[in-house]
Amino acid sequence: MPGRFITLEGGEGVGKSTQLDRLAAALRERGHEVVETREPGGSTGAEAIRRLLLEGDQERWSAPAEALLFAAARADHVARTIRPALAEGRWVLCDRFLDSSLAYQGGAGGVGADAIRQLHEIGSGGLLPDRTLLLRLPAEAAAARARRRDGDGADRIGARDAAYHGAVAAAFAALATDEPHRFRTIDADGPPEQVTGKLLHALEDLL
Ligand code: TYD
């Protein structure tokens, strides 16, 4: 059996990391070997770049520099963690991937989707997920969850204003519309077990 590469995407506070754990457990129960990982990070080099990206002043990086750092982190993560796991037939569940760069840096940050895709081609050979699960919550519910989780300690990117996060949400929605075969949009409102059920259902054809 070939490995499967599944990504979870969405804005701040939509519950991706909780759902990633739950989905991994459900897939393991079905006998799959599962690797859980996240971006930015997921390999030693990428975790070092994560700190550069998420700590420090808002003005620390220009928009293109930020996009390049995310692409560099992703290149290391793909080469050292994701491709080897897929080659061994594992399922890789990743909390955020290319589509976050397309939505945050490409859309909200103004770098543009074409530039982000070129960086991904250079850095990661254009690797795409077999399925991308886009978790969606109304903006206010997500912001309240993120505040409960982060308090005043939101990272450089999470701390950006509502207009930025609104542009991120719009960009994600457009990506899902453009690639209906790869994307499934999941309403993340409701009890966690119900959301996990919907996520599993959205992977049915790959199981
Ligand atoms: P993290 O603490 O992992 O946030 P979350 O729980 O919201 O996923 O921080 C990741 C932050 O980095 C988040 O604000 C989204 C942002 N990000 C980008 O802007 N571009 C990217 O390509 C990725 C992977 C993340």
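The values are calculated or read from the model by the stated rules, or taken from the named source; none is laboratory data. Remember, it's a predicted structure, so these values are computed and weren't measured experimentally. Glycine gets a Cβ as well: all are built from the backbone with ideal geometry, and neighbour counts include every protein chain shown. All accessible areas refer to the heavy atoms of the entire protein, side chains included, with ligands and DNA or RNA removed. Shrake-Rupley method; radii C 1.70, N 1.55, O 1.52, S 1.80 Å.
Taking only C-alpha pairs under 8 Å that are 6+ residues apart, what is the relative contact order of the range 59-135 in percent?
Relative CO of the range 59-135 lands at 37 percent.
Mean residue ellipticity, 222 nm, helices only, the chain: the sum of -39500 (n - 2.57) across DSSP H runs of n ≥ 4, divided by residue count and rounded to 500, is -14500 deg cm²/dmol.
Here the accessible area of the range 4-206 is 52 percent carbon and sulfur, with a 1.4 angstrom probe and all protein chains present.
Relative contact order for the chain: what is it in percent, counting Cα pairs under 8 Å that are at least 6 residues apart? Value for the chain: 32 percent.
Highest mean first, the peptides 157-168, 141-152 sorted by other C-beta atoms within 10 Å per residue fall in the order 157-168, 141-152.
In debye, nearest 20, what is the charge dipole magnitude of the chain about its Cα centre with +1 on Lys and Arg Cβ and -1 on Asp and Glu Cβ, if you could check?
Approximately 300 debye in magnitude.
The listed peptides 71-81, 129-139, 27-37, ordered by packing as a protection proxy, come out as 71-81, 129-139, 27-37 (highest mean of other Cβ atoms within 10 Å first).
Packing order of peptides 183-194, 5-16, highest average first: 5-16, 183-194 (average count of other Cβ atoms within 10 Å over each peptide's residues). Distance from the Cα centroid of the range 60-105 to that of the range 130-184 is 17 Å (rounded to whole angstrom).
Across all directions, the average projected area of the convex hull around the alpha carbons of the range 4-206 is 10.5 nm². The amide H of Ile186, built 1.01 Å from its N in the peptide plane, has Leu134, Leu135, Arg136 as neighbours under 5 Å, considering only residues 5 or more places off or on other chains. Heavy atoms of the protein chains alone define the surface here; on that basis the chain has 47 Å² accessible area per residue at 1.4 Å probe size.
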